[in-house]
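Just so you know, all these numbers are worked out from the coordinates, no wet-lab data involved. Owing to the predicted nature of the structure, the values given are computational and were not obtained by experimental measurement. For neighbour counting, all protein chains shown are included, and Cβ atoms are generated from backbone atoms with ideal geometry for every residue, glycine included.
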Amino acid sequence: MSLRLHWDLDMDQKELARISKALSDPARLRIFEGLSSSKEMYCGQVVEKSGLTPGTVSHHLKILADANLIETRREGQFIYMRSRPETIRDYGRALAKMATSK
């Protein structure tokens, strides 16, 4: 018999784990913080501000996007990104609910 914990959450445990993992890397956290502090940025700006190689930045951005922490849009040759504050809001609420459930 396995023990399963049930929370009435807007996010399931896989989503919570994906977001937690995405934000657990210091470089990704800095990138997310940078994106959150501006309306939007294009990839070259993220590379410039982070000091990381374009390939490394691309890898981190994919993980952040897969966790629904950022969204992207293409305009010509540029790809613009912005943070998704609603994901962080829902994540915080889900964690708070989890911490207070009995």
Entries in K49/K97; K14/K39; K21/K49; K39/K62 that, when Cα-Cα distance is taken, lie over 25 Å: K49/K97; K14/K39
Order of D90, D12, D25 under a 10 Å beta carbon neighbour criterion, fewest first: D12, D25, D90
Surface/4 estimate of mean projected area, convex hull on alpha-carbon atoms of the chain, nm²: 7.9 nm²
Cα-centred dipole magnitude for the chain, charges only on beta-carbon of K, R (+1) and D, E (-1), debye, nearest 20: 160 debye
Theoretical ellipticity at 222 nm over the chain - DSSP helices of four or more residues, -39500 (n - 2.57) apiece, nearest 500: -18500 deg cm²/dmol
Ranked F78, F32, criterion: other C-beta atoms within 10 Å, fewest first: F78, F32
Neighbour net charge for R73 - beta-carbon separation under 14 angstrom, K R +1, D E -1: +1
Fraction in percent of alpha-carbon pairs per bin - 10 Å, region 7-67: 22, 50, 21, 7, 0
